[in-house]
Amino acid sequence: MAGRPPGTNNTKRFAVELRRSKLAEGHNDKRSIPDQTVQLRLRRADSSRITRHEQLDKLVLLSFDDFRLRQDEPSGNGHVLFATARDSAEYIAKILKTGITLNNITYHFCGHSNSQQKSRSCFMYAASKAEIAAKIEGLRDFSKLKSGGKKVKRIGLLFSTADIAIELSPDRCEDIADIVYHDYTFTDGCGLISKQLAREVARKKHIVHRNMRYLPSVFQIRYRGYKGVLTLHPALLGKVQVQFRDSMKKFGDVKDHSFAVAEYSKPYNFGYLNDEIILLLHALGISSDTLLRKQTGYLNFLKNVSLCEPRTSFMFLCYQGEMELAERLLLEGPDSVRSTCGRLVRAEYTKMLNKREEQRCRIMIPKSRLLFGICDPFGKLKAGTCFVRITDDCDGVAKTIIGTEVLCTRHPTLQFKVVDCPELTHLVDFFVTWDPDIIPRRLAPAAEYPGVKEKAHFGMIAGDDQAEFFAKSNNTSLGRVKNLYLKWARIKGPLSEECQQLNRLFSQCVDGNRIRVPQALEDPSEASTETHPFILDILHASARAIIDIALEKDFDYEEDTYGVVDLLAHRNELAMSESELIQLVLRACSRLPVAKGTLSLIMNGLLRSELLTPGEVHKFRLHGANLHWKPVFQSSSDRMGRFLSSAARALQSFHKKLIILQPDERLILMIYIPQKIENASEVDVGEEVRVFALPRSSGTDSVNYRVTPTKKHYRLYCDDSTFQLYESKGSNTFVFLNRGQLDPSAFLNTKNESERRAKKQETFDTGVNAECRASVALNKISAPIQKHEIYVISNRDVESMRVLDAWLHFVDTEEVLPLFDREPSEYTVVTAADLDRSTLAPLVATVVIDRDTVAVRGAGGIDDVRQSLELLNEVGQKTQLLDACTEVLAMSMDGTCQIPGKEILLLLLDFLPIAPFLIETVLDSDLWKRDTAVVMDAAAEIFPVL
């Protein structure tokens with residue numbers, strides 16, 4: 001259906017044939033007014049707490065995306081002119097207030113979610129305005145809200161698209177206080193959820209990852225009047241399954257108990273550099289060459305995928321989560337997925353260059369993730385540190401990043417030092433990057449983003465008020481502010497004062513708030529041709545050239561085979577877990593006969609040890625498939641400095657542990673410990689511990705291969721720096737491990753942290769220092785430990801022990817920039833004597849410089865009064881300011897004033913926040929008592945601030 005929207009105030013009427021079957025299948029009507037025609041179509045209804053219980057034929061989703069009202073040109077030559085944005089908004093408001101009639105059923109404005117407000121769409125409901133208001137208020141009493149914008153946002157929570165997971169009784173929930181310090185709420189919007197309830201939600205929502213059940217660590221939820229995120233908290237074991245923070249409660253008394261999930265954390269969610277992040281990184285010192293190299297590398301990767309090069313195509317499909325296609329590529333060859341790979345790559349190109357010729361940077365960073373940012377609910381982290389735990393794309397194992405600094409960005413760009421916090425290891429997935437190439441050495445403080453004051457509304461906020469708020473809110477401010485930001489960034493850089501002001505305005509209008517751009521920021525001059533090339537111009541031009549070549553030319557690619565051996569050889573480049581890799585390889589090898597010992601090779605990690613030979617494992621019958629040995633530390637991949645701390649955590653967490661040491665090329669030692677050892681505690685182990693000696697100078701049949709059990713009075717002590725196995729007292733020690741004494745002369749005088757770490761590691765590699773030393777009373781052998789492994793047997797998850805140690809890739813912060821550039825100057829107090837009389841209006845000069853406050857009565861306009869008051873306050877003449885205010889209030893009542901009383905009161909109300917000592921004078925004046933009603937809205941905004 002199409003037609004020109006009539007320009008009258010009457011209800012808009014349309015007739016069209018609808019099939020009831022479609023409505024019964026979960027579709028509702030959608031009317032779209034994109035330009036001047038009206039389109040009607042059926043679309044599947046999104047689930048929300050408002051719409052899920054309604055008959056769908058009572059709902060119409062009305063969209064005004066890209067709508068601009070047209071007006072015929074008065075000359076009558078057939079040309080059509082677009083109306084102003086204000087006229088278009090007023091037209092939309094008329095439609096929403098009067099309603100639309102479809103097949104003789106009238107629909108009135110009902111509401112919209114916050115995201116629908118940005119996309120310019122809203123729901124109309126087949127009922128009268130009074131019935132709709134009663135339905136909305138029946139869900140919760142919104143009458144106490146005195147701001148139209150706030151009421152719209154609160155009602156918008158009920159319209160938010162979110163799948164209803166479960167019905168959650170309020171008895172299973174409780175409110176807990178926020179953590180607040182110096183008026184800053186650290187726990188804003190961050191609650192807690194038990195593992196039991198999280199599993200129930202994941203099961204009801206059918207949350208799976210690559211056909212396997214997946215338990216997210218963070219849920220973005222909507223429940224009754226609560227909004228925010230919930231993070232896993234294993235300690236919630238009783239009746240209370242959810243703890244909501246006070247800051248999450250937007251309103252109360254909601255009868256609907258449906259627990260809805262809007263979003264949840266996902267693994268392998270790689271981060272991308274966009275225009276805004278690139279501008280900030282470049283301003284903080286990341287070179288154009290580095291950013292260009294990152295972009296070229298990613299675009300070349302996509303080009304190889306579009307050519308269906310097997311290895312890169314397999315990696316890309318794994319990154320995209322297309323595991324069935326990746327398996328088809330492996331089993332059937334590149335031709336089986338060529339068209340799909342081409343389509344996926346073209347979709348990536350479209351995100352960089354769309355049909356409107358709008359270009360933006362999009363560079364995938366493998367060493368990054370898009371994560372949920374939540375507070376530390378346990379107070380374990382120190383200031384300036386963060387806990388980052390990701391699913392590693394190399395082996396699919398959850399790992400904690402440690403030993404370096406990471407870059408976090410949303411609005412501000414922040415750097416944090418990452419630390420390991422065992423209390424947070426249940427949080428598997430939280431733009432964060434640890435790529436040392438793009439972590440800047442310069443640092444600027446985070447910008448401040450002030451909140452927006454909501455305008456108070458006295459009286460009932462009706463549906464028509466909400467409809468008008470929707471009609472007059474638009475996204476043009478976002479684009480306008482962004483364009484101004486890019487212009488100023490091109491001239492002065494993104495750290496300039498102008499760009500930071502525009503950043504604050506952008507953060508305010510992103511939620512639909514109305515803003516006013518200062519005149520000084522409106523019309524920046526063109527950038528000089530003598531300045532350095534703009535970084536975005538460089539990247540955009542390079543990307544366009546590479547994409548154009550990739551789309552226009554048809555490359556000939558020599559067929560390459562990609563088999564199981566290649567898959568295993570490049571497993572560190574694949575975003576899949578070890579389990580997924582093994583399943584894929586097993587299916588690929590299903591036509592081959594099963595070799596003896598295959599199950600043991602899969603289930604028993606000792607058979608893949610880098611220190612033990614298969615014969616040595618068989619010698620002590622440690623090779624069985626029923627022995628599920630799992631590695632938690634291997635010196636080939638883990639830094640030796642973490643050996644003792646990893647040993648202490650493994651001894652405390654698991655019952656059966658096996659520590660494998662190689663003190664010398666001729667000897668292997670294994671220590672078997674079959675009980676838990678509390679950290680930093682002396683524990684009786686009696687006759688339970690076994691020490692295996694495996695001399696490499698003899699064969700596995702040699703009698704020198706022996707097992708030595710401990711005796712009755714043996715004890716064991718272990719912490720982050722010491723491991724000691726001894727009999728009765730410490731002087732009778734069997735095995736002693738501790739951190740080696742360091743000779744710091746080689747790295748003591750280095751100028752920064754990254755160089756110091758590199759020099760320190762060099763002393764370990766050359767043998768000058770040792771990160772761990774050992775003394776072993778076994779045939780009088782005593783030597784520095786060279787290699788170590790720790791294995792455990794456990795049915796529980798050992799992956800919480802794994803870390804991604806970036807200790808050697810630390811990036812120093814070499815310079816801290818001020819928030820704004822300031823030129824140093826001597827501080828002086830401005831007085832009236834410093835003012836230039838020639839630059840002031842005569843009346844203002846008389847009032848301020850000559851201190852004749854009575855002269856203010858001769859003001860011909862409000863500007864003279866305003867300038868007089870501002871200058872009196874600026875030069876510190878508080879007494880004269882009070883006298884001038886008294887004169888202004890008096891002249892407005894005695895008939896000698898040419899300025900309306902309302903204008904005077906509005907001026908004084910605006911002035912009160914910076915001169916609060918005038919409050920009593922203003923409120924006791926006759927002018928205030930006479931004209932209070934006409935300035936009440938402005939007063940309501942001012943007085944809460946005071």
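Only the coordinates and a few stated rules stand behind these numbers; no lab work does. Just so you know, these numbers come straight off a predicted model, no measurement behind them. In this analysis, Cβ positions are derived from the backbone assuming ideal geometry, glycine residues included, and neighbour counts consider all displayed protein chains.
On the basis of the beta-carbon distance and an R0 of 60 Å, ASN626 and GLU526 show a calculated FRET efficiency of 0.20. Note on VAL934 and GLN898: with the Förster distance fixed at 22 Å, the Cβ-Cβ geometry gives a FRET efficiency of about 0.75. Counting neighbouring beta carbons within 10 Å and listing from fewest to most, the residues GLU54, GLU358 come out as GLU358, GLU54. Taking 7 Å steps out from each Cα toward its Cβ at LYS239 and ASP743 produces label points 6.7 nm apart. With R₀ fixed at 45 Å, the C-beta to C-beta distance from VAL707 to ARG213 puts the FRET efficiency at about 0.65.
Whole-Hz Karplus values for segment 723-737 come out as 10, 9, 10, 9, 9, 6, 9, x, 6, 10, 8, 8, 10, 10, 10 Hz, taken residue by residue from phi with 6.51 cos²θ - 1.76 cosθ + 1.60 and θ = phi - 60°; glycine and proline positions read x.
A cut-off of 5 Å between modelled amide H atoms, ignoring neighbours fewer than 5 places along the same chain, links SER121 with PHE64. With θ taken as phi - 60° and the Karplus curve 6.51 cos²θ - 1.76 cosθ + 1.60 applied, the whole-hertz 3J(HN,Hα) list for segment 515-523 is 10, 10, 7, x, 4, 5, 9, 5, 10 Hz, x standing for glycine and proline.
Put a dot 7 Å past the Cα of LYS676, heading toward its Cβ, do the same for ASN300, and the two dots end up 5.2 nm apart. For TYR226, the residues 5 or more places off, or on other chains, whose built amide H falls under 5 Å of its own are LYS250. Between ASN769 and PHE764, the built amide H atoms are under 5 Å apart, and every one of these is 5 or more places off in sequence or on another chain. Candidates PRO674, ALA770, TYR717 compared by Cα position along the dipole of segment 611-794: farthest toward the positive end lies PRO674, with charges placed on Cβ. For segment 162-264, lysine pairs separated by 8 or more sequence positions, or belonging to different chains, with Cα-Cα distances below 23 Å total 17.
For the peptides 186-197, 744-755, the ranking by packing is 186-197, 744-755, with the highest mean count of neighbouring Cβ atoms within 10 Å listed first.
Taking the DSSP beta bridges with both ends in segment 162-264, the antiparallel portion is around 75 percent. Counting lysine pairs in segment 611-794 whose alpha carbons fall under 12 angstrom apart, excluding pairs fewer than 8 residues apart on the same chain, gives 5. Here the peptides 618-625, 887-894 are ranked by packing, the mean other Cβ count within 10 Å, and the order with the highest first is 887-894, 618-625. Each label point was placed 7 Å from the Cα along the Cα-to-Cβ direction; for ASP183 and ALA130 their separation is 4.6 nm.
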